[in-house]
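Asks: My structure is below; once you've seen it, I'll send some questions.
The values are calculated or read from the model by the stated rules, or taken from the named source; none is laboratory data. Worth saying up front: this structure is predicted, and the values here are computed from it rather than measured. Neighbour counts are summed over all protein chains in view; Cβ atoms, including those assigned to glycine, are modelled from backbone coordinates with ideal geometry. Side chains are part of the model used for accessible areas, which takes the heavy atoms of the whole protein and leaves out ligands, DNA and RNA. Shrake-Rupley method; radii C 1.70, N 1.55, O 1.52, S 1.80 Å.
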Amino acid sequence: MDPAGKTAVVTGGNSGLGEATVHALLAAGANVVSLDLAGGAPAGAEWIACDVSEPDAVATAVAAVEGPIHMLVNCAGIGGIGPIAGPEGPGDLGAIRKVIEVNLIGAINVTAHVAHRMTHNPPEGPDGERGVIVNACSIASFEGQEGMTAYTAAKAGLAGLTLVWTRDLSRHHIRVMGIAPGFMATPMVSVLPDDFVAELLKDAEFPKRAGRAEEFAEIAEFIIRTPLLNGEVIRLDAGTRPPARTHWSQG
Ligand code: NAD
């Protein structure tokens, strides 16, 4: 699908991977709406304040997007780490629930409303496409490290749902893909100590560096433009296979 003249919704579009995707789609000639808690949408994009974990807020926000929605990029997310249990007690179930509500339920909420809108789009182009959905998954979708109960529950869920949603929506000519980044230099991870980052990056094969948000955005745009890409999660991780733990996760 050519993004030019079409409308994209990007959740978490005011920072990091989502922000870079907003820039790329604007440059490709799309109208872009960022659904984000925090302000600061890129110039040229519309911002609708929305907590993606709140179903009513999502319904209102998606209803406020004018005209057909052709593209959805689910980027809104938060981090969170902690053991499932230890001698001192069970893990922090409230914190675990919060990450799952934002990273997984949030994507489900937005996809439900946007995909419903997409089913009513007129078919476009030689394949009669109606929409494309891209999920920001993670290498933790596949190899969660120690302490990643919440994040891996959410990201493994989102990777799994990429195929389920493909199967739900293909009859409406809507495609669904995921991108599973490794370590990307964004505000989400800017709080991490340098030696922790170095330890994470040593497990990359080549190149041993943090990904740039623009590299995520390029893949998202490539997916949107490539009709045969459907039902798959593309790793964007320089061949990284994370080990069970870092010395940081062991405390
Ligand atoms: P980021 O913190 O830079 O951006 C996340 C955005 O989501 C922010 O604008 C934030 O306001 C928004 N957001 C948070 N909670 C929200 C909510 N409840 N409702 C609406 N918006 C909300 O993070 P990022 O690094 O760009 O991450 C984007 C996505 O990519 C996340 O889902 C993250 O889990 C995933 N990811 C990031 C990395 C990485 O290394 N940075 C790696 C793999 C996957």
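Asks: Would you pick out the residues in the stretch 1-25 that are under 13 Å from Pro42 (Cα atoms) and among the small types (Gly, Ala, Ser)?
Replies: Gly12, Gly13, Ser15, Gly16, Gly18, Ala20, Ala24, listed by residue number.
Asks: Same structure, new question: Filter the stretch 65-94 down to the residues that are open to solvent by 60 Å² or more (accessible area, probe 1.4 Å), more than 23 Å from the chain's Cα centre (by Cα) and in contact (Cβ under 8 Å) with a residue 12 or more places away in the chain and list them by number.
Replies: Of everything in the stretch 65-94, those that are open to solvent by 60 Å² or more (accessible area, probe 1.4 Å), more than 23 Å from the chain's Cα centre (by Cα) and in contact (Cβ under 8 Å) with a residue 12 or more places away in the chain turn out to be Pro83, Ile84.
Asks: Something else now. Quick check on my filter: what residues within the stretch 50-64 are hydrophobic (A, V, I, L, M, F, W, C) and open to solvent by 30 Å² or more (accessible area, probe 1.4 Å)?
Replies: Of all residues in the stretch 50-64, those hydrophobic (A, V, I, L, M, F, W, C) come to 50, 52, 57-59, 61-64.
Correct list: Ala57, Ala59, Ala63, Ala64.
Asks: Of the residues Leu163, Leu169, only one is open to solvent by less than 30 Å² (accessible area, probe 1.4 Å), out of contact with any Pro (no Cβ under 9 Å at 6 or more places or on another chain) and either modelled with pLDDT of 95 or more or among the basic types (Lys, Arg) (or both); which?
Replies: Numbers: Leu163 fails: open to solvent by less than 30 Å² (accessible area, probe 1.4 Å).
Answer to the selection: Leu169.
Asks: Are any residues in the stretch 1-51 touching a residue at least 60 places away in the same chain (Cβ under 8 Å), assigned to a loop (DSSP other than H, G, I, E, B) and more than 17 Å from Met188 (Cα to Cα), and if so, which ones?
Replies: The answer is Met1, Asp2, Pro3, Lys6, Ala28.
Asks: Moving on to the next point. Report, by residue number, each residue of the stretch 194-247 that is touching a Gly at 6+ places or on another chain (Cβ under 9 Å) and open to solvent by 100 Å² or more (accessible area, probe 1.4 Å).
Replies: Of everything in the stretch 194-247, those that are touching a Gly at 6+ places or on another chain (Cβ under 9 Å) and open to solvent by 100 Å² or more (accessible area, probe 1.4 Å) turn out to be Glu205, Phe206, Glu232, Arg245.
Asks: Out of curiosity, is Ile133 away from the ligand (no atom under 12 Å from the Cβ), open to solvent by less than 30 Å² (accessible area, probe 1.4 Å), within 23 Å of Gly211 (Cα to Cα) and not basic (Lys, Arg)? Break it down stepwise before answering.
Replies: Numbers: away from the ligand (no atom under 12 Å from the Cβ): yes; open to solvent by less than 30 Å² (accessible area, probe 1.4 Å): yes; within 23 Å of Gly211 (Cα to Cα): yes; not basic (Lys, Arg): yes.
So Ile133 fits the description; yes.
Asks: How many residues are part of a strand (DSSP E or B) and more than 30 Å from Ala244 (Cα to Cα) if we restrict to the stretch 52-84? Let's see the steps before the verdict.
Replies: In the first step, residues of the stretch 52-84 are kept if they are part of a strand (DSSP E or B); the result is 71-74, 82.
Next, from what is left, pick out any that are more than 30 Å from Ala244 (Cα to Cα): 71-72.
Residues in the stretch 52-84 being part of a strand (DSSP E or B) and more than 30 Å from Ala244 (Cα to Cα): 2 in total.
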